[in-house]
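Data block below; observations after.
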Amino acid sequence: MKQKEFNYIVRIVNTDLDGSKQVPYALTKIKGINQRVAFFVVDKANINRNAKIGLLSEEDVSKLESTIGSLHATAPNWLVNRRKDRETGENKHLVGNDLDLSKREDINLERKIHAYKGVRHELGLRVRGQKTKAHPRKGLVVGVVRAKLVRKEQKRGKTREGEKKQSR
């Protein structure tokens with residue numbers, strides 16, 4: 001009986017996956033694929049859910065890649081991550097860098113048209129209605145900085161007064 005070669009790192013959709021994990025759980029490391037989508041992809045590709053991804057043949061890996069690539073056509077509308085795309089109106093499922101790029105483009109479009117969300121993004125504030133009084137504050141507390149500045153000014157003032165008295 002010939003033992004299969006084990007790959008510790010499997011590359012799918014420009015992402016390195018841990019070969020020691022089961023197929024659906026390894027697929028979740030790809031940006032844009034969660035557990036639900038991963039199980040759907042594995043079932044569509046007719047691959048054993050419990051198999052380690054490092055033991056899959058090249059055929060199975062390419063089958064997974066093609067299934068991920070054609071997800072928008074095979075998956076139900078509620079499973080894809082980009083429904084009714086703004087440019088084309090189609091349902092798409094984006095993964096990897098495409099997902100990052102489209103998200104960035106959407107934010108830039110909101111900024112450009114001065115939508116409320118775009119303005120919030122520009123100002124670096126919370127976008128989804130969270131309160132902004134307590135936790136999102138950044139930097140030092142105003143009172144502490146002010147007290148330090150007052151102390152520095154007092155020290156400077158004393159040294160300057162001493163210099164003036166000596167010069168007379």
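Do we have any residue at all in segment 29-38 that's surrounded by fewer than 19 Cβ atoms within 10 Å (Cβ to Cβ), more than 30 Å from residue 124 (Cβ to Cβ) and modelled with pLDDT of 90 or more? Within segment 29-38 (the criterion being surrounded by fewer than 19 Cβ atoms within 10 Å (Cβ to Cβ), more than 30 Å from residue 124 (Cβ to Cβ) and modelled with pLDDT of 90 or more), the answer is yes, since at least one residue qualifies.
Here residue 75 meets each of (1) at pLDDT 90 or above; (2) over 19 Å from residue 16 (Cβ atoms) with one exception, condition (1). Where residues in segment 97-123 are polar (S, T, N, Q) and without any contact (Cβ under 8 Å) to a residue 40 or more places away in the chain, which of them is farthest from residue 81 (Cα to Cα)? Among them, the one singled out is 108.
Screening segment 78-98 for residues that are of a type outside the set (Asp, Glu) and exposed (fewer than 10 other Cβ atoms within 10 Å of the Cβ) and picking the one that is modelled with the highest pLDDT gives 78.
Beta carbons closer than 6 Å, at least 6 apart along the sequence or on distinct chains, pair a first residue in segment 14-41 that is more than 19 Å from residue 97 (Cβ to Cβ) with a second that is of a type in the set (S, T, N, Q) and modelled with pLDDT under 90 for 19/7.
Residue selection: residue 147 fails the criterion of being modelled with pLDDT under 90 and assigned by TED's automatic domain parsing to the domain that holds residue 29.
Residue by residue, here is whether (1) of a type in the set (S, T, N, Q); (2) within 24 Å of residue 8 (Cβ to Cβ) holds:
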{"position": "28", "(1), (2)": "yes, yes"}
{"position": "43", "(1), (2)": "no, no"}
{"position": "62", "(1), (2)": "yes, yes"}
{"position": "65", "(1), (2)": "no, yes"}
{"position": "75", "(1), (2)": "no, no"}
{"position": "83", "(1), (2)": "no, no"}
{"position": "87", "(1), (2)": "no, no"}
{"position": "90", "(1), (2)": "no, no"}
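Of the residues 101, 64, which single one is at pLDDT 90 or above, among the aliphatic types (A, V, I, L, M) and in the same structural domain as residue 118 (by TED's automatic domain parsing)? Going through 101, 64 in turn, just one is at pLDDT 90 or above, among the aliphatic types (A, V, I, L, M) and in the same structural domain as residue 118 (by TED's automatic domain parsing): 101. Whenever a residue of segment 126-154 is under 19 Å from residue 116 (Cβ atoms) and assigned to a loop (DSSP other than H, G, I, E, B), its partners that are among the hydrophobic types (A, V, I, L, M, F, W, C) and at pLDDT 80 or above, lying with C-beta atoms within less than 9 angstrom and at least six residues away or across chains, give the pairs 132/125; 136/125.
The values are calculated or read from the model by the stated rules, or taken from the named source; none is laboratory data. All figures in this text were calculated on a predicted structure; none of them were measured in a lab. Glycine gets a Cβ as well: all are built from the backbone with ideal geometry, and neighbour counts include every protein chain shown.
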